[in-house]
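Below: the structure, in structure tokens.
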Amino acid sequence: MQAPQSTVDPSEIAKFEAMAAEWWDPAGKFKPLHMLNPCRLDYITRQIAGEFGRNLSVDAPFDGLRILDIGCGGGLLSEPMARLGATVVGADAAAGNIPVAQIHAEQSDLNIDYRHTTAEALADAGEQFDIVLNMEVVEHVADPLSYLTATRQLLKPGGLQICSTINRNPKSYAMAIFGAEVVMRWLPRGTHEWAKFITPDELFDLLSEAGLTPVDRKGFVFNPILWSWSLSDRDLSVNYVTASTKPR
């Protein structure tokens, strides 16, 4: 299955370029991601360790693994992966994000290959990775199936893709759009479009159709009393994450 030239939606890219300078401000427009990041990293690191037989208690457990962080933004996931020893490529279709990520990586003394590019362009160039981190991107692309087909092409046989997004139901509208954008004002209005949200079953079907084998899914659940996120086997009603592999 061939992916098109690009599944980038220019209107979506413009939204994130407008916020690029705030990526590393934990109280800024990306506050929700800073709050969610420890929970995301817990899931990502455990999935990688399990799939590739790595011991997370040793130094640089991901040494020798090549990871693509597609839609890397300012590098909130790229940097922890580099600290764990992986060779990291951070790619983003929003040009304004790349210098922000590069400067922060330099300040953190991390060697990360940041590129202004797309999944389709990387696939066309024959790039290959052990792991693709595809976090909170699929709900922003013009054609999810073609996009996921491109990310599958980027994986080596036996490779692992971690893909997270937002469910589509009344609760997700209330929390991810009305709550986050209108009430809490964590994000500018219009950051998300409810119609582009994808249910877990729909995402599993898309991953399978793209040529991947879904192996796991869990919910990211926000507790407003403890003001923290946790993983859930049962509650995928708003934010959730999946793991899938490319057949050998």
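Things to note:
- For the range 143-161, a tally of residues being crowded, with 24+ Cβ neighbours inside 10 Å and over 20 Å from Ser6 (Cα atoms) returns 2.
- Pairs with Cβ under 8 Å, 6+ apart, first in the range 37-57 and under 19 Å from Ser228 (Cα atoms) and among the charged types (D, E, K, R), second outside any helix (DSSP H, G or I) and modelled with pLDDT of 95 or more: Arg40/Leu77; Arg40/Met135; Arg40/Ser164; Arg40/Phe220; Arg40/Val241; Asp42/Leu231
- Among the residues of the range 220-248, those identified as over 17 Å from Ala174 (Cα atoms), touching a Phe, Trp or Tyr at 6+ places or on another chain (Cβ under 9 Å) and of a type outside the set (Phe, Trp, Tyr) are Ser228, Ser230, Leu231, Ser232, Val241, Thr242, Ala243, Ser244.
- If only residues of the range 181-197 that are open to solvent by 10 Å² or more (accessible area, probe 1.4 Å) and of a type in the set (A, V, I, L, M, F, W, C) are counted, the one that is modelled with the lowest pLDDT is Val183.
- Some residue of the range 101-114 being touching a residue at least 60 places away in the same chain (Cβ under 8 Å) and either crowded, with 24+ Cβ neighbours inside 10 Å or in contact with a Phe, Trp or Tyr (Cβ under 9 Å, 6 or more places away or on another chain) (or both): yes
- Ser244 passes every criterion in (1) at pLDDT 95 or above; (2) surrounded by fewer than 19 Cβ atoms within 10 Å (Cβ to Cβ); (3) among the small types (Gly, Ala, Ser) apart from (2).
- Looking only at residues in the range 67-84 that are of a type in the set (Gly, Ala, Ser) and open to solvent by 10 Å² or more (accessible area, probe 1.4 Å), the one that is nearest to the chain's Cα centre (by Cα) is Gly71.
- Condition broken by Cys39, with the remaining ones in (1) part of a loop (DSSP other than H, G, I, E, B); (2) out of contact with any Lys or Arg (no Cβ under 7 Å at 6 or more places or on another chain); (3) not basic (Lys, Arg) satisfied: (1)
- Qualifying residue in the range 162-175 (condition: without any contact (Cβ under 8 Å) to a residue 60 or more places away in the chain, among the aliphatic types (A, V, I, L, M), open to solvent by less than 50 Å² (accessible area, probe 1.4 Å) and within 18 Å of Thr242 (Cβ to Cβ)): no
- For Thr87, the conditions (1) modelled with pLDDT of 95 or more; (2) open to solvent by less than 50 Å² (accessible area, probe 1.4 Å); (3) β-branched (Val, Ile, Thr) all hold with the exception of (2).
- Scanning the range 223-248 for residues that are in a strand (DSSP E or B) and in contact (Cβ under 8 Å) with a residue 60 or more places away in the chain yields Ser228, Trp229, Ser230, Leu231, Asn239, Tyr240, Val241, Thr242, Ala243, Ser244, Thr245.
The values are calculated or read from the model by the stated rules, or taken from the named source; none is laboratory data. Computed from a predicted model, the values in this text were never measured in an experiment. All Cβ positions, glycine included, derive from the backbone under ideal geometry; neighbour counts span all protein chains shown. Remember, those area values only see protein heavy atoms, side chains included, never the ligands or the DNA or RNA. Shrake-Rupley method; radii C 1.70, N 1.55, O 1.52, S 1.80 Å.
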